[in-house]
Amino acid sequence: MNTMLRKSVLGIAGLAFTGGVFAGPIAAHAAEPVHSTKPVAVSVQGAQSKIDLNDEQLANAKAIIAATKKAGLPERAAVISIATSLQESKLENLGHLGDANDHDSLGLFQQRPSSGWGTPEQITDPEYSTLAFLKGLKQVDGWQDMPLTEAAQTVQVSAYPDAYAQWEQQAADIVAHNWNS
């Protein structure tokens, strides 16, 4: 066998062996049933943050879940919405913050009346603000399959587009715990 042919055969054999070593454990786990009550996250990105929620924050999270159901959207939409609200307001329905305010941003999602999100009264209504966010989300082609931070950023147009990702696990946990209650 000539040297070139021998190197090709050995190279192919090496790739086949390597593929078997790595694919074998994956294939073995593929047959195991997966039992999960949590919504499947597309891909949790980066380090995750978590805060303890008080009664008001939990009520706001439940309001987001209820509005998501009212809109006829799946759990993934609630996860994206809650993660967005965790980043924007820590699930607090913020009014005008004076000098600490980002322009005229209000509510759970820090939506701006001057950007067409609604009146201050509407934006500080958890159901209205969630439905407004979800309306924007539904207009994003493929939002169900994209990373959370990309979906949220497309709706929110934040100065910190990657910040939403840190809340995905907590949002998924909140939705998993409250979706059927």
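The values are calculated or read from the model by the stated rules, or taken from the named source; none is laboratory data. What you see is a predicted model, and the numbers here were worked out from it, not measured in a lab. Note: ideal-geometry Cβ built from the backbone for every residue, glycine included; neighbour counts use all protein chains shown. For accessibility, only protein heavy atoms count, side chains too; no ligands or nucleic acids. Shrake-Rupley method; radii C 1.70, N 1.55, O 1.52, S 1.80 Å.
How long is the gain from S49 to K90 if the chain were fully straight, where each residue apart is worth 0.36 nm and the alpha carbon distance is subtracted?
13.7 nm
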³J(HN,Hα), Karplus 6.51/-1.76/1.60, whole Hz, each residue of the range 134-142, x for Gly, Pro: 5, 4, x, 4, 4, 7, 8, 4, x
Rounded to one decimal in nm, the spacing of the 7 Å Cα→Cβ label points at S114 and S181 is 3.9 nm
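With a 1.4 Å probe and all protein chains left in place, how much of the accessible area of the range 62-177 comes from carbon and sulfur atoms, in whole percent?
With neighbouring chains kept in place, the figure for the range 62-177 is 49 percent.
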So, for the range 43-181, what is the accessible surface per residue at a probe of 1.4 Å, expressed in square angstrom? 48 Å²
Residues whose built amide H sits under 5 Å from the amide H of L91, excluding neighbours closer than 5 in sequence, are L86
